[in-house]
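Trainee: Got a structure for you, written out below as structure tokens; questions coming shortly.
The values are calculated or read from the model by the stated rules, or taken from the named source; none is laboratory data. What you see is a predicted model; the values in this text were computed from it and never measured. All Cβ positions, even for glycine, are placed from backbone atoms using ideal geometry, and neighbour counts span all protein chains on display. Just the protein is used for accessible areas: all its heavy atoms, side chains included, with ligands, DNA and RNA removed. Shrake-Rupley method; radii C 1.70, N 1.55, O 1.52, S 1.80 Å.
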Amino acid sequence: MQATIVEAVNDALHTEMAADDDVVVFGEDVAASGGVFRATDELLEEFGGDRVVDTPLSEIAIVGAATGLAMYGYRPVAEIQFSGFLPPAFDQLVTNASRVRWRTRGALTAPMVVRMPYGAGVRALEHHSESMEGAYAHIPGLKVVAPSTPHDTKGLLLASIRDPDPVLFMEPKRIYRSFREEVPEEDYEVPLGEATVRREGSDVTVVSWGSMMPPTLEAADEADADVEVVDLRTISPMDAETVVESVKKTGRAVVVHEGPRSHGVGGDIVARINDEALMYLEAPVERVTGFDTPVPLLSMEDYYFPHPPRILDAIEDAMSV
Amino acid sequence: MSENVPTEHPANAAVSAGDPRFLSQDDLSVDTHQIVAPDGTYDAADVPDLDAEQFQDLYRWMLTDRVFSRRMVSIQRRGELGTFGSTRGQEASIIGSAYTLQPDDWLYVGRAWTPMFMRGVPMKDMILFWRGIEEGQQSFAEHNCQIAISIGSHLPLVAGLAWGMDLSGDDAIATAYLGDGATSTGAAHEAINFAGALGVPALFYCQNNQYAISLSADQQTAANTLAQKALAYGMDAIRVDGQDVLAVYDAVTEARERVRNGEPVFVESVTYRMDAHTTSDDPTRYRSDEEVVAWEAVDPLERYREFLESEGLWADIDHDGIVEEIEAEFDAALEEANAFAERGIEEIFAHVYAELPPELQRQFEEFSDLLERRPEMYDHIEQRPKG
Ligand SMILES: Cc1ncc(C[n+]2csc(CCOP(=O)(O)OP(=O)(O)O)c2C)c(N)n1
């Protein structure tokens, strides 16, 4: 079937709820209204009110209760309506979800998924636009996933729900509906922790993920160089090997992310390239990122996140050395 | 022997034998304060002590709220705003409460815009805010008011503001407006408890408009009322008919007096959100037309009009004339908002810190340089509603 990213989320939820009775979907407005983005559309009708639950407006309880449900043997898939509303529940991620396995020496685990739309560019209000994967990837024990295509979305979400550890699933909402592609009807997984080479090239590696993939590919197409694009897909744990192998081949690298630059995921990728491929580098690694500011409100948010010319500029810089 | 003899502990002053007795919320009856009944009748002795001008003022502000909501929804439909949350149906709840507030009081709202106009915020700034232009909020702050987008996040802040008022001996209160949904957040509970424990002048004004986006109030909590939640924290509460502007005014006036004396109060105002949650919501997915019609029958403006008629005050009110004035005010505000000069990208970097750190300065310069070198950037920067 041809599906958008948000339809792929919906399809994955239908697929896994049908396959596994332990999967419970909940969050604010997910049941009766099918989610503000319709990601959970028709789940209530198909699976009933015990497994598809509209919760009170309680981010702390949504994430904390998901942890408890998971410890009890269920497979919770909780929705946080917008990424800017996860911070109240940050405590539950840090204090409980990510540490259950470690704390109990494996006696208890928290196989759960917290899904949320993230990123700027949809003209929403304050707290609706951030890309804070850096903050969440900093939590040991938590996996952080950010798909960029409908096909990967379904496969990664299925893998996330089945994963034995807690997963934060960050959905790039700006491209929720921007394109369709073939998404298999059947069940399949895209493994967590594996990056993919989205576009092959020999001159320069651009590492990117989630909402930044379309502008990255556009810049790669326009560049006067043979650009290889690595889609990280899982932010944590990171598949440094695919990145490093690509950089060893091309000798140049650019990292693109929407979140703020300082202390961000990009810095970590540069460090890994330095660790493993310094001697292969022919130019310093470039970073193209959001600014170290809050995401501006809607009138200026389009200035905030990287567009193809900014990425192209960095590619040219990397090529010029 | 321990001094802590269990049966003598103050909490055990009354002990009971036999089967354990559960304390249930049904042991508690929570009345709803009302002055003008839905059929328009009232007891003259209960009517708040306001003069004719003030009674008319209340009507004018309620009408302002209604007209502003209507105009905002309509310009949103024309693509001139990102999104908007109408307050139609909540006019009595919003105006009756805000009318009690004094200029030095602080006001932090979830859904309530007109109280900010009542404090002197220009309509233009509210339009700018909903257009996603940060500048609007500067005048909000200058008039001691703010809007919280992260639900419930403002309650601890209001507790802190009130604490400051207490410490400095100022004769003012800090007020948080919140919704039924907000009462489920951790922040709300911590703040209400904190304000209660410290005894600071905070007023928590909860508009139970029956929905938090699609979730109805009875799915939001198993509690019979929201007012009673405050009792658990030792805070006094009052429940009021939010369709009755005089009852709201009366209740909040008294609440404000107590709060001023360092006894925080929680008010539940029972009202209804007539329009969609915001312009991006489709309420037909979760509520019935019959329900909406039933609430339309208790329209707060209608109920108040009946009161004004009984008091012989209606004849002096030129309803259509007032609407025209508000429309004209809105038109002027919209024009001013439209004339708001486009900002430069330095705005993105301003006000993050008191002083621009070198790294931010660098990011700003690099970006300015890029925009100059690559004007094709603007092909990717969408045209937004006019500033
Ligand atoms: C912490 C948080 N979670 C989720 C949201 C998304 N959201 C925006 S408004 C809303 C419902 C708010 O309901 P209520 O508190 O009753 O206020 P109302 O809008 O009805 O006045 C939700 C869930 C949010 N803004 N903040």
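Trainee: B:Tyr353 passes all but one of (1) modelled with pLDDT of 95 or more; (2) open to solvent by less than 80 Å² (accessible area, probe 1.4 Å); (3) hydroxyl-bearing (Ser, Thr, Tyr); which number fails?
Mentor: Just one mismatch for B:Tyr353, condition (2).
Trainee: From A:Val122, A:Val113, which residue is among the hydrophobic types (A, V, I, L, M, F, W, C), at pLDDT below 95 and either within 16 Å of the ligand (Cβ to nearest atom) or farther than 14 Å from A:Gly259 by Cα (or both)?
Mentor: Matching residue, one of A:Val122, A:Val113: A:Val122.
Trainee: Let me ask something additional. Spot the failing condition for A:Gly119; the list is (1) at positive phi; (2) surrounded by fewer than 24 Cβ atoms within 10 Å (Cβ to Cβ); (3) more than 14 Å from every other protein chain (Cβ to nearest Cβ), and only one is missed.
Mentor: Condition not satisfied by A:Gly119: (2).
Trainee: Next question, about the same structure. Before we move on, is A:Leu86 within 16 Å of the ligand (Cβ to nearest atom), more than 12 Å from chain B (Cβ to nearest Cβ) and within 15 Å of A:Leu142 (Cα to Cα)?
Mentor: no
Trainee: Considering (1) open to solvent by 10 Å² or more (accessible area, probe 1.4 Å); (2) within 14 Å of chain B (Cβ to nearest Cβ), say which one A:Ala135 fails and leave the rest.
Mentor: With respect to (1) open to solvent by 10 Å² or more (accessible area, probe 1.4 Å); (2) within 14 Å of chain B (Cβ to nearest Cβ), A:Ala135 is out only on (2).
Trainee: Hey, among the residues in the stretch A:143-163 that are open to solvent by 10 Å² or more (accessible area, probe 1.4 Å) and farther than 20 Å from A:Ser178 by Cβ, which one's nearest to the other protein chains (Cβ to nearest Cβ)?
Mentor: Once the filter is applied, the top-ranked residue is A:Lys143.
Trainee: Another question, if that's okay. Being over 23 Å from the mean Cα position of the chain (by Cα) and either more than 14 Å from chain B (Cβ to nearest Cβ) or not acidic (Asp, Glu) (or both) narrows it down to one residue among A:Ala277, A:Ala271; which is it?
Mentor: Unique residue meeting the criteria: A:Ala277.
Trainee: What single numbered condition from (1) open to solvent by less than 30 Å² (accessible area, probe 1.4 Å); (2) at pLDDT below 95; (3) assigned to a helix (DSSP H, G or I) fails to hold for B:Ile348?
Mentor: Single failed check for B:Ile348: (2).
Trainee: So, in the stretch A:267-299, exactly how many residues are part of a helix (DSSP H, G or I), open to solvent by less than 60 Å² (accessible area, probe 1.4 Å) and touching a residue at least 24 places away in the same chain (Cβ under 8 Å)?
Mentor: Matching residues across the stretch A:267-299 total 3.
Trainee: May I ask you to list pairs of residues, at least six apart or on different chains, whose Cβ atoms are under 7 Å apart, with the first in the stretch A:247-262 being in contact (Cβ under 8 Å) with a residue 24 or more places away in the chain and the second being crowded, with 20+ Cβ neighbours inside 10 Å and among the acidic types (Asp, Glu)?
Mentor: Going by the 7 Å Cβ cut-off, the qualifying pairs are A:Thr250/A:Glu228; A:Val254/A:Glu286; A:Gly259/A:Glu133.
Trainee: Which one of these does B:Gly160 not meet: (1) closer than 27 Å to B:Glu342 by Cα; (2) away from chain A (no Cβ under 14 Å); (3) of a type outside the set (Val, Ile, Thr); (4) open to solvent by 30 Å² or more (accessible area, probe 1.4 Å)?
Mentor: B:Gly160 satisfies every listed condition except (1).
Trainee: Taking the stretch B:114-147 as the search range and keeping residues that are in a loop (DSSP other than H, G, I, E, B) and of a type in the set (Val, Ile, Thr), which one is nearest to B:Tyr205 (Cα to Cα)?
Mentor: B:Val121
Trainee: While we're here: Residue check: is B:Arg343 at the interface with chain A (Cβ under 9 Å from one of its Cβ atoms), out of contact with any strand residue (DSSP E or B) (no Cβ under 7 Å at 6 or more places or on another chain), surrounded by fewer than 16 Cβ atoms within 10 Å (Cβ to Cβ) and not hydroxyl-bearing (Ser, Thr, Tyr)?
Mentor: no
Trainee: What about A:Asp22, is it touching a residue at least 60 places away in the same chain (Cβ under 8 Å) and touching a Lys or Arg at 6+ places or on another chain (Cβ under 6 Å)?
Mentor: Here the answer is no, as A:Asp22 does not meet what is asked.
Trainee: Please pick out the residue among B:Glu134, B:Glu142 that is surrounded by fewer than 20 Cβ atoms within 10 Å (Cβ to Cβ), more than 16 Å from the chain's Cα centre (by Cα), more than 16 Å from the ligand (Cβ to nearest atom) and farther than 24 Å from B:Glu80 by Cβ.
Mentor: On inspection, the qualifying residue turns out to be B:Glu142.
Trainee: I've got another one for you. Restricting the first residue to the stretch B:15-30 and requiring it to be open to solvent by 100 Å² or more (accessible area, probe 1.4 Å), which pairs with a second residue that is among the β-branched types (Val, Ile, Thr) meet a Cβ separation below 8 Å and a spacing of at least six or different chains?
Mentor: B:Val15/B:Thr7
Trainee: Within 16 Å of the ligand (Cβ to nearest atom), closer than 20 Å to B:Val252 by Cα and in a loop (DSSP other than H, G, I, E, B): which single residue out of B:Arg88, B:Arg111 fits that description?
Mentor: Result of the check over B:Arg88, B:Arg111: B:Arg111.
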